[in-house]
Structures are given as C-alpha cells and as structure tokens.
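The block underneath contains the structure these notes are about, expressed in structure tokens.
The values are calculated or read from the model by the stated rules, or taken from the named source; none is laboratory data. Predicted model, so just to flag it, every value in this text is computed and none were measured. Don't worry about glycine lacking a Cβ; one is built from the backbone with ideal geometry, like all the others, and counts go over all protein chains shown. Surface accessibility is based on the protein's heavy atoms, side chains included, excluding ligands, DNA and RNA. Shrake-Rupley method; radii C 1.70, N 1.55, O 1.52, S 1.80 Å.
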Amino acid sequence: MNEHALLGVILFLMFSLYSASDDVIELTPSNFNREVIQSDSLWLVEFYAPWCGHCRNLAPDWKKAATALKGIVKVGAVDADQHKSLGGQYGVRGFPTIKIFGANKNKPEEYQGGRSSQAIVDGAMNALRNLVKERLSGRSGGSDYKQSGGGGSSGGNKKDVVELTDDNFDKMVLDSDDVWLVEFFAPWCGHCKNLEPEWAAAATAVKEQTKGKVRLGAVDATVHQAVSGRYGIRGFPTIKIFRKGEEPEDYQGGRTRGDIIEKALDLFSDNAPPPELLEILSEDVLKKTCEDSQLCIIAVLPHILDTGAAGRNSYLDVMVKMAEKYKKKMWGWLWTEAGAQMELESSLGIGGFGYPAMAAINTRKMKFALLRGSFSETGIHEFLRELSVGRGSTATLGGGVMPKIHTVEPWDGKDGQLPVEEDYDLSDVELDDFRDEL
C-alpha cells in the first residue's frame with residue numbers, strides 16, 4: 001500500500017464513526033435508494049458529521065440500538081458532511097438528526113425521543129407498531145416510488161415533473177425566469193425507466209427547497225420530435241439545463257435523486273439573488289428570518305450619532321458583500337442599532353467589547369457564536385468559514401429562549417440628529433429664587 005492510500009485509510013478510521021463490523025448500515029447516495037427507499041422495512045437513519053461532538057457521544061448508543069434491533073428494524077447512518085446532497089434532500093440542518101423512514105418513505109418523520117440506546121429502541125418499536133397498524137387498516141403500503149411501466153418519465157409523485165410538449169415548451173421553459181432541468185426520454189428505454197423514480201423524487205424535493213425557482217420537466221422525444229430535434233437529441237435519457245437568455249447545457253452529473261438535487265440546488269444558488277439584509281423592526285422580522293434559516297447572522301451597529309449615515313452604510317455594505325459570498329448557505333441576515341434591542345444584546349452578551357458586533361444564531365438549537373475578529377470582509381469571512389466547518393466557540397442563548405424584540409421605526413437613511421432642547425426664558429428669574437430653593 002502506497003503512502004497516499006495508507007494516509008486515506010488512517011483518516012477514514014480517524015473520522016468515520018461506524019465500521020463494517022457494526023450493525024449500523026452505512027448509507028450513501030449510491031445505496032440509499034436501494035437500501036431504504038425501495039425497502040419495505042422500517043428504517044432509523046442518523047445523519048451525522050464526523051467532527052460533531054454530539055454525534056460522537058451518540059455513536060455507542062446508536063451501535064447498541066442497532067444490535068438490539070437487528071432483524072426487526074434497520075438502523076443506518078449517513079455522513080451528511082461528506083454526502084451533503086443526501087442531507088439536503090431531507091432538510092438536515094444540524095447534527096445529529098435522526099429520521100424514521102416508515103410507511104411513506106418520501107416523507108420520513110423526525111425522531112424526537114431520547115438519545116440512550118433504550119430510548120432509541122423504544123422509539124423504533126413504537127414506530128414499528130404504528131406501521132403494522134397502518135398496514136392492517138389498509139392505509140399504507142411500502143415505498144411510494146413505483147415504475148409507471150408505460151410511457152411516463154416519472155415515478156412516485158408525478159405531479160412535480162412537468163410534462164413538456166412541442167406546443168408548451170417555449171412558453172414553459174424558454175420564456176420562464178426559472179431554471180429548468182429537462183429530461184428527454186423514450187418510453188421503451190431501460191435507462192429512462194431506471195431514472196424515472198429518481199427524477200420524480202428529485203422534482204418534489206427541488207420544488208420544495210427552491211420554492212419552485214428550479215423545475216424538473218420531461219419530454220417524450222418519440223412524440224414531440226420538433227423540440228427534441230431542435231436540441232439534437234440522439235440518445236436516451238438526455239438531460240439538459242435551461243437558463244433564460246443562455247444556451248442550454250448538457251447535464252453531466254449522476255443519475256441518483258441525490259445527485260440531481262445537489263445540481264439543482266447549485267443552479268438555484270447561482271441564479272438566486274443574495275438574501276435580503278433586514279433591519280430588526282419587530283419580532284416578526286426576527287422570527288421569520290431566523291426560523292427559515294439554518295443560521296441567522298445578526299449585526300449590532302453603532303448608534304447613528306456615532307457613525308453618521310456614511311459610517312453605517314459602510315458597515316451595511318460589508319454585510320451585503322458577505323451575504324452574497326455565502327448566499328448558497330441560505331442564511332438569514334439582520335441588523336439593529338446599538339440600544340434598540342437591549343434584551344437581544346443581553347442574551348448574546350454583546351456590548352461589553354464595543355460596536356459593531358456580530359453573532360450567528362442557530363434558533364433550532366438555541367446556540368450562538370460571536371465574531372471576535374474585526375468587523376471587515378476578512379474578519380467576518382474567517383468567522384463564518386469556521387462556523388461552516390463546525391468549528392468556533394458556541395454558547396447557549398440567554399435563558400434558552402429568544403429574547404423580547406421591540407417594535408421600532410426603520411432607519412431613514414440619514415445622519416442622526418441630537419434631540420432639540422426647549423428654550424427657557426430666564427430673563428425675569430432672580431438669583432435669590434434659586435438660593436431660597438437651596
């Protein structure tokens with residue numbers, strides 16, 4: 001074994017939480033569909049990251065539970081740090097996340113139980129009982145993904161794959177502001193039938209995660225020969241990417257739903273505007289922005305009297321540039337003025353080391369991290385990069401709950417002005433009057 005190969009094995013052993021000798025089944029984009037989605041078994045799947053301390057703490061109990069449930073319930077694990085597309089497909093935003101894949105494999109349930117081996121086994125058995133009851137009542141079968149057998153390009157949830165024709169292609173695709181991934185297929189093509197359930201599942205996930213800004217369509221090239229001929233379709237399936245105003249390009253990625261989703265999300269990020277930088281004017285602004293995002297980046301800027309409009313705008317420009325740089329993360333970006341949201345500052349421990357200050361909050365875990373470096377593109381980039389790879393010091397949000405947020409007026413974009421003091425006419429006041437009061 002050469003030096004590089006040996007190093008790779010050592011790194012794998014150092015960072016992988018599970019091995020072939022465990023009863024935990026390691027899942028990847030290449031085997032997930034076969035092992036989990038097409039299976040009639042109940043699955044408990046942990047999405048983890050090797051560097052995650054909580055994941056390392058869970059690993060012994062997860063292995064013990066897998067051994068206890070062997071032959072009854074399948075227990076798997078996905079390295080979601082390595083296989084980000086698979087984690088993204090199921091909305092994984094933190095580690096470890098445990099999902100129960102039961103009757104409807106397309107919509108797994110979040111496991112909410114304890115993290116001991118006994119609690120995991122109890123949760124699995126409860127889920128198993130529910131699955132058996134559903135089957136007895138005739139409400140559920142196994143996997144949602146079935147081949148249509150005939151002429152469609154999609155299995156499973158067909159409604160999210162748009163059927164494209166010679167008549168509607170230009171209006172639906174070329175005139176659209178959305179990004180399109182279009183499959184050209186033939187009903188008799190074996191590879192097209194294999195792609196069918198993957199394309200359908202990806203269409204549903206992509207529609208949800210991009211809010212319909214990236215769409216998946218399909219053209220039966222044996223019927224709609226005009227549009228197929230226009231793009232020189234020679235083999236099946238052929239997948240092309242369409243963006244408004246650009247020449248179509250060939251899709252070169254893998255054919256699993258994870259591969260397709262990953263490419264679609266990249267296209268969405270490339271095509272999407274940066275997230276809006278919002279001032280915290282009310283509780284609704286904070287709640288909506290932070291609950292919709294894995295992380296919420298909040299800046300507390302100096303009072304307007306300390307910086308003036310030019311100084312404040314320079315800080316806001318830095319934040320806008322960082323939001324653009326990290327837009328693929330789909331984080332929320334907020335700011336407030338020092339003193340406007342005192343409870344928020346207090347819960348984050350901001351204020352003691354001066355303004356501007358910045359915090360990144362994970363509202364799902366009620367954890368936050370503070371920017372300790374400079375409030376500059378370089379300093380913030382280093383701060384966010386560390387968070388992106390799971391490093392950096394975090395703390396629990398004060399009280400474990402979101403602080404009270406006050407409703408305030410928006411900044412008018414102007415320099416601040418000192419409050420005008422009232423003028424008092426003291427011309428007829430005798431000094432003796434003051435002496436008497438003293």
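Would you pick out the residues in the range 204-214 that are under 12 Å from Q89 (Cβ atoms) and among the hydrophobic types (A, V, I, L, M, F, W, C)? Within the range 204-214, A205, V206 meet the criteria. Just one of (1) open to solvent by 40 Å² or more (accessible area, probe 1.4 Å); (2) modelled with pLDDT under 90; (3) charged (D, E, K, R) fails for K105. It is (1). Only a single item in (1) surrounded by fewer than 20 Cβ atoms within 10 Å (Cβ to Cβ); (2) among the small types (G, A, S); (3) out of contact with any Asp or Glu (no Cβ under 9 Å at 6 or more places or on another chain) is not met by G253, and it is number (3).
Of a type outside the set (A, V, I, L, M), within 20 Å of T378 (Cα to Cα) and assigned to a helix (DSSP H, G or I), is that true of K288? For K288, the condition - of a type outside the set (A, V, I, L, M), within 20 Å of T378 (Cα to Cα) and assigned to a helix (DSSP H, G or I) - is not met. Residues being open to solvent by 40 Å² or more (accessible area, probe 1.4 Å) and modelled with pLDDT of 90 or more are entirely absent from the range 288-299. Here L301, L344 are screened, and the one residue that is farther than 17 Å from P274 by Cα and in contact (Cβ under 8 Å) with a residue 60 or more places away in the chain is L344.
If you filter the range 272-285 down to residues that are over 11 Å from T336 (Cα atoms) and either part of a loop (DSSP other than H, G, I, E, B) or in contact with a Lys or Arg (Cβ under 7 Å, 6 or more places away or on another chain) (or both), you find that the one that is least open to solvent (accessible area, probe 1.4 Å) is A272.
Conditions (1) of a type outside the set (G, A, S); (2) modelled with pLDDT of 90 or more; (3) surrounded by 15 or more Cβ atoms within 10 Å (Cβ to Cβ), marked per residue:
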site	(1), (2), (3)
G332	no, yes, yes
A359	no, yes, yes
R364	yes, no, no
F368	yes, yes, yes
E382	yes, yes, yes
S388	no, no, no
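Flag: V429 matches the condition of being open to solvent by less than 90 Å² (accessible area, probe 1.4 Å) and either at pLDDT below 90 or assigned to a helix (DSSP H, G or I) (or both). When I260 is tested against (1) closer than 30 Å to P187 by Cβ; (2) open to solvent by less than 10 Å² (accessible area, probe 1.4 Å); (3) touching a Ser or Thr at 6+ places or on another chain (Cβ under 9 Å); (4) not in a helix (DSSP H, G or I), only condition (4) is not met.
Would you check if A77 is of a type in the set (A, V, I, L, M) and either touching a residue at least 24 places away in the same chain (Cβ under 8 Å) or under 29 Å from S388 (Cα atoms) (or both)? Answer is yes for this residue.
Are there any pairs with C-beta distances below 6 angstrom linking a residue in the range 25-39 that is in contact (Cβ under 8 Å) with a residue 12 or more places away in the chain and farther than 16 Å from A202 by Cβ to a residue that is of a type outside the set (V, I, T) and part of a loop (DSSP other than H, G, I, E, B), with the two at least 6 apart or on different chains, and if so which? Correct list of pairs: E26/Y18; T28/H83. Name the residue that is nearest to R385 (Cα to Cα), counting only residues in the range 334-343 that are open to solvent by less than 30 Å² (accessible area, probe 1.4 Å) and in contact with a strand residue (DSSP E or B) (Cβ under 7 Å, 6 or more places away or on another chain). Only one residue tops the list, namely L334.
Condition check ((1) in contact with a Gly (Cβ under 7 Å, 6 or more places away or on another chain); (2) under 30 Å from F185 (Cα atoms); (3) modelled with pLDDT under 80) across all residues:
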{"residue": "Q89", "(1), (2), (3)": "yes, yes, no"}
{"residue": "E110", "(1), (2), (3)": "no, no, no"}
{"residue": "S116", "(1), (2), (3)": "no, no, no"}
{"residue": "L128", "(1), (2), (3)": "no, no, no"}
{"residue": "G141", "(1), (2), (3)": "no, yes, yes"}
{"residue": "D167", "(1), (2), (3)": "no, yes, no"}
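Strands (runs of 3 or more DSSP E) fully within the range 294-404 that include at least 3 residues being under 26 Å from the mean Cα position of the chain (by Cα) and not β-branched (V, I, T): 332-337, 357-362, 367-370. The set of residues in the range 159-209 that are acidic (D, E), assigned to a helix (DSSP H, G or I) and buried (at least 17 other Cβ atoms within 10 Å of the Cβ) comprises D160, E196, E198.
All of N194, N168 fail the test of being over 20 Å from A272 (Cβ atoms) and free of Cβ contacts under 8 Å to residues at least 12 places away in the same chain, apart from N168.
For the range 51-74, taking the residues that are out of contact with any Phe, Trp or Tyr (no Cβ under 6 Å at 6 or more places or on another chain), in a loop (DSSP other than H, G, I, E, B) and not aliphatic (A, V, I, L, M), the one that is most open to solvent (accessible area, probe 1.4 Å) is identified as K70.
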